[in-house]
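Chemist: Okay, here's the structure, questions in a sec.
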Amino acid sequence: MIVNVLQEELIEYAKTIGIDKIGFTSAAPFIELKNLLRRQQELNFQSGFEESDIEKRTEPTLLLEEAQSIIAIAIAYPSRMKNAPKGKRGERRGIFCRASWGMDYHTVLREKLALLEAFLQEKVPHAKMRSMVDTGELSDRAVAERAGIGWSAKNCSIITPEFGSYVYLGEMITNIPFAPDEPITDQCGDCTLCIDVCPTGAIVQAGQLNSNRCVAFLTQTKGFLPDEFRTKIGNRIYGCDTCQTVCPKNKGKLNWLHDSFKPDPEIAKPLLEPLLTISNKDFKAKFGYISGSWRGKKPIQRNAIIALAHFKEESALPKLIEVLQNDERPVIRGTAAWAIGKMGVVDAKEILQVALQKEQDPEVIIEIEKGLAFLAQK
């Protein structure tokens with residue numbers, strides 16, 4: 001089959017299976033990205049979640065020896081929630097980032113890529129392919145940029161003209177020599193809103209992110225959250241959208257396109273207090289299908305405790321005391337102690353002093369002392 005005809009057929013087929021954008025690029029090395037990643041490693045700006053081997057991240061032929069092309073796909077997700085519940089005193093709510101609304105995008109995009117693979121295999125029996133979404137070696141954004149899906153913005157997202165930056169990305173390496181698309185010219189202009197409003201200053205400069213300061217990364221860590229960030233995350237319990245929501249290119253991009261990504265408001269904006277004592281079984285049953293559950297319940301619970309302290313939600317005190325006294329995990333006990341002190345509720349000093357007498361974990365003791373220090377300042 002003539003390749004350009006196959007390419008047109010693949011583009012049309014992609015539309016029928018719910019892929020919003022598809023682009024093509026060569027399997028040539030990503031030279032500029034390689035230099036950038038080396039610099040990121042030197043500065044210790046990487047999160048640790050990504051592939052550590054820079055060569056694998058930038059040399060497609062290391063992943064598929066006969067690689068000639070890379071197919072990039074993008075699927076849009078909602079930027080707003082319909083019928084979003086509002087938190088109030090006694091019923092405070094957390095928020096999952098938009099990329100975690102609805103079905104886990106890894107599952108959805110892998111299914112789409114599997115369909116594309118089957119389509120190509122039928123047309124070209126000798127075709128070789130390797131697909132990946134997010135957790136693969138290649139940089140989804142670098143591939144999408146070179147394949148003309150969108151431009152790489154100052155907030156380190158890919159922005160598409162049609163859907164803004166609210167898109168999931170995936171790619172397929174193949175030995176089929178497709179014609180490459182032209183990259184889209186950067187359209188950020190002089191705007192620096194995303195840099196200016198980043199809660200933790202994680203966007204060091206246009207296109208450079210210190211992942212270790214990024215709220216989206218911090219909410220996924222499992223240890224104690226460093227003190228300087230506890231007042232920055234607000235009621236975010238997974239991820240952060242600030243650098244997207246302020247972007248002028250995202251204005252009016254609602255993207256209510258796919259049923260699989262339409263959020264359940266009670267999942268996307270859950271009540272905080274029930275999260276503190278939810279069982280593993282109930283957590284998996286309720287949140288297991290969204291991407292924000294991948295690290296388990298511990299980071300979510302820790303963030304929920306911090307959010308309750310942010311709101312100074314005194315009705316949560318009984319649950320916080322229960323966690324402080326009974327939870328087996330030092331991070332959760334210690335964060336609860338910090339929150340009780342931060343909230344400055346009645347009897348907080350006595351509660352923390354009793355806990356201090358019983359506690360044996362040195363890190364939890366430090367957190368109890370932080371809570372007592374808050375009370376001493378009042």
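All of the numbers you see were taken from the coordinates with simple rules; none came from a lab. Being a predicted model, the structure only gives us computed values, none of them experimental. Here Cβ is always computed from backbone atoms with ideal geometry, including for glycine, and neighbour counts include all displayed protein chains.
Chemist: Among 183, 13, 49, whose Cα projects farthest towards the positive end of the dipole of the chain, with charges put on the beta-carbon of Lys, Arg (+1) and Asp, Glu (-1)?
Modeler: Toward the positive end, the furthest listed residue is 49.
Chemist: Something else: With angles folded into 0 to 90 degrees, how steeply does helix 31-43 sit against the dominant principal axis of the chain? Use alpha carbons for both and round to 10.
Modeler: Orientation of helix 31-43: about 20 degrees from the principal axis.
Chemist: Treat every Asp and Glu Cβ in the chain as -1 and every Lys and Arg Cβ as +1, leave all other atoms uncharged, and give the resulting dipole magnitude about the Cα centre to the nearest 20 debye.
Modeler: Numbers: 49 positive and 49 negative charges, 293 e Å.
With Lys and Arg at +1 and Asp and Glu at -1, about 1400 debye.
Chemist: State the antiparallel share, in %, of DSSP beta bridges confined to the chain, rounding to the nearest 5. Don't skip to the end; give the middle numbers.
Modeler: Details: 25 of 27 bridges.
About 95 percent, rounded to the nearest 5.
Chemist: Can you work out the FRET efficiency for the pair residue 358 and residue 295, with r the C-beta to C-beta distance and R0 = 35 Å, to the nearest 0.05?
Modeler: Working: r = 29 Å, r/R0 = 0.83.
Computed FRET efficiency for residue 358 and residue 295: 0.75.
Chemist: On each of the three principal axes of the Cα atoms of the stretch 83-152, give max minus min coordinate, whole Å, ordered largest first.
Modeler: Here the Cα extents, ordered largest to smallest, are 62, 27, 21 Å.
Chemist: Report ³J(HN,Hα) in whole Hz for each residue of the stretch 168-181, in order, from the Karplus equation J = 6.51 cos²θ - 1.76 cosθ + 1.60 where θ = phi - 60°; Gly and Pro get x.
Modeler: Here the 3J(HN,Hα) series is 8, 10, x, 8, 9, 8, 8, 8, 7, x, 6, 6, x, 8 Hz.
Chemist: Too long at a 24 Å Cα-Cα cut-off: which of 262/319; 232/370; 297/319; 112/262?
Modeler: Values: 262/319 31 Å; 232/370 17 Å; 297/319 16 Å; 112/262 18 Å.
Correct reply: 262/319.
Chemist: Sticking with this one: Return the single residue from 79, 69, 279 with maximal mean-square fluctuation; model: Gaussian network over the chain, springs between Cα atoms under 10 Å.
Modeler: 279
Chemist: Here's a follow-up. Ordered by residue, what ³J(HN,Hα) values in Hz, to whole numbers, does the stretch 310-320 give under the Karplus form 6.51 cos²θ - 1.76 cosθ + 1.60, where θ = phi - 60° and Gly and Pro are x?
Modeler: In residue order, the calculated couplings are 4, 7, 6, 7, 5, 5, 7, 3, x, 5, 5 Hz.
Chemist: Would you mind checking the stretch 343-372 for residues with the amide N under 18 Å from a putative spin-label position 7 Å along Cα→C-beta of residue 227?
Modeler: 343-344, 362-372
Chemist: Could you compute the FRET efficiency for residue 126 and residue 15, with r as their C-beta to C-beta distance and R0 at 25 Å, rounded to 0.05? List each step's numbers first, then the result.
Modeler: Working: r = 26 Å, r/R0 = 1.03.
After rounding to 0.05, the efficiency reads 0.45.
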